[in-house]
Amino acid sequence: MLSIRTATGYLVRLDPGEEVCGTLAAFLGREGVGSASIAGLGAVRGAVLGYFDGARREYLRRELPGEHELCSLTGNLSYRDGEPFVHAHAVLAGADFAVSGGHLFEATISATGEFWIATSEARIERKLDEASGLRLISGKG
């Protein structure tokens, strides 16, 4: 990983073998970031995307084998159970140029990943919302 401090946060490059969400969450936690918005692109393998089925109150997951272009990642950093948590959605394209998108559960960098991160000192927590079954942003902890 390479991180460059900017006026508003960081530009982070992830390298082959680094898991996207976990690596970003650990880095931002070490830096003491309270919350952040994240945008990125690159190339990944072993991606798992999800779609939240509201009626079932659970995520349907789909593993995408092989390598994919990370055409777009958008997300945020907050805290869940006191730990840094990256909530991200991604659009991925394979060798056939077919596009898949959804909640990003996991993906490992295969070539490079480039992420712009705008940080804030405000610590944002997630708490379980009984009505939806999701851990929603609840404000400061």
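Each value in this text was obtained by applying a stated rule to the coordinates, not by laboratory testing. Everything numeric here is computed off the predicted structure, so don't read it as measured data. Positions of Cβ are generated from backbone atoms using ideal geometry, with glycine treated the same way; all protein chains shown enter the neighbour counts.
Let's see how each residue does on (1) farther than 13 Å from His87 by Cβ; (2) of a type outside the set (Lys, Arg):
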| site | (1), (2) |
| --- | --- |
| Ala98 | yes, yes |
| Leu104 | no, yes |
| Ala111 | yes, yes |
| Glu121 | yes, yes |
| Ala131 | yes, yes |
| Arg135 | no, no |
For this session: Sort out which residues of region 71-117 are among the hydroxyl-bearing types (Ser, Thr, Tyr) and touching a residue at least 60 places away in the same chain (Cβ under 8 Å), and write them in order of number.
Result: Tyr79, Thr108, Ser110, Thr112
Exercise. Do we find a residue being among the small types (Gly, Ala, Ser), surrounded by fewer than 14 Cβ atoms within 10 Å (Cβ to Cβ) and in contact with a Ser or Thr (Cβ under 8 Å, 6 or more places away or on another chain) anywhere in region 93-110?
Worked result: no
